[in-house]
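For reference, the structure is listed below as structure tokens.
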């Protein structure tokens, strides 16, 4: 069974810092990996999707990389802002699962203070 | 992309009662997924709903507790039955579209 781990569990930083959030997964036979943002008590907002054939994806200040062979992904946030404060979730779809069925990590709770 | 409307957004319910959560998608999809997020935890899949067939439940979840309907390709409901405080969670529906997963805004359920 696929297991997804995220480190650190929580992170508190001053505004302007560059951040790295880590995600690891146990089964490298994945279809894709997706990073989400979740605000308190809310649903999920998709940030970046990396397909298994890709190495990275970028959107604005966000960059996500994927190393399938080592079972790792990182989410890089440049020049962090207080509005980035949220929980960031990493999820994978593995090739043995129904397409669309995600395995989630527990998330990294990020606080960016002014 | 897919836009998912989920309701209610939140509810406070008495123990022993049931709540039905609705999920409406703006396009036809084959599979719909229901997840639970308990306080401080990550998302756990409850079941997969395929139109025209019985939902497939994950280990630890049973149909009597979480009955699901899937009457057409754009709509599904999840009922949380005979609720207890342990059912207090965020419940989310999800669909897959062109390799990417999309989520509704979630239903925040508190059982008192």
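Before moving on, here are some points about what is shown:
- Ascending count of other beta-carbon atoms within 10 Å, so fewest first, for B:33, B:66: B:66, B:33
- Calculated diffusion of chain A, Stokes-Einstein form, Kirkwood radius summed over Cα pairs, 37 °C and 0.692 mPa s, µm²/s: 233
- For the stretch B:13-112, relative contact order (Cα pairs under 8 Å, six or more residues apart, normalised by length) works out to 35 percent.
- Ascending count of other beta-carbon atoms within 10 Å, so fewest first, for B:13, A:90: B:13, A:90
- Share of pairwise Cα separations in chain B, more than 23 Å, in percent: 21
- Of the residues B:20, B:107, the one with the fewest other Cβ atoms within 10 Å heads the list, and the complete ranking is B:20, B:107.
- Measuring nothing but how far apart in sequence close Cα pairs (under 8 Å, 6+ apart) lie, relative to its length, chain A scores a relative contact order of 37 percent.
- Kirkwood hydrodynamic radius of the protein assembly as shown, Cα pairs, Å: 18.0
Values in this text are rule-based calculations from the coordinates and carry no lab data. On a predicted model such as this, the values are computed, not experimentally measured, just so you know. So basically every Cβ, Gly included, is an ideal-geometry build from the backbone, and we count neighbours across all protein chains shown.
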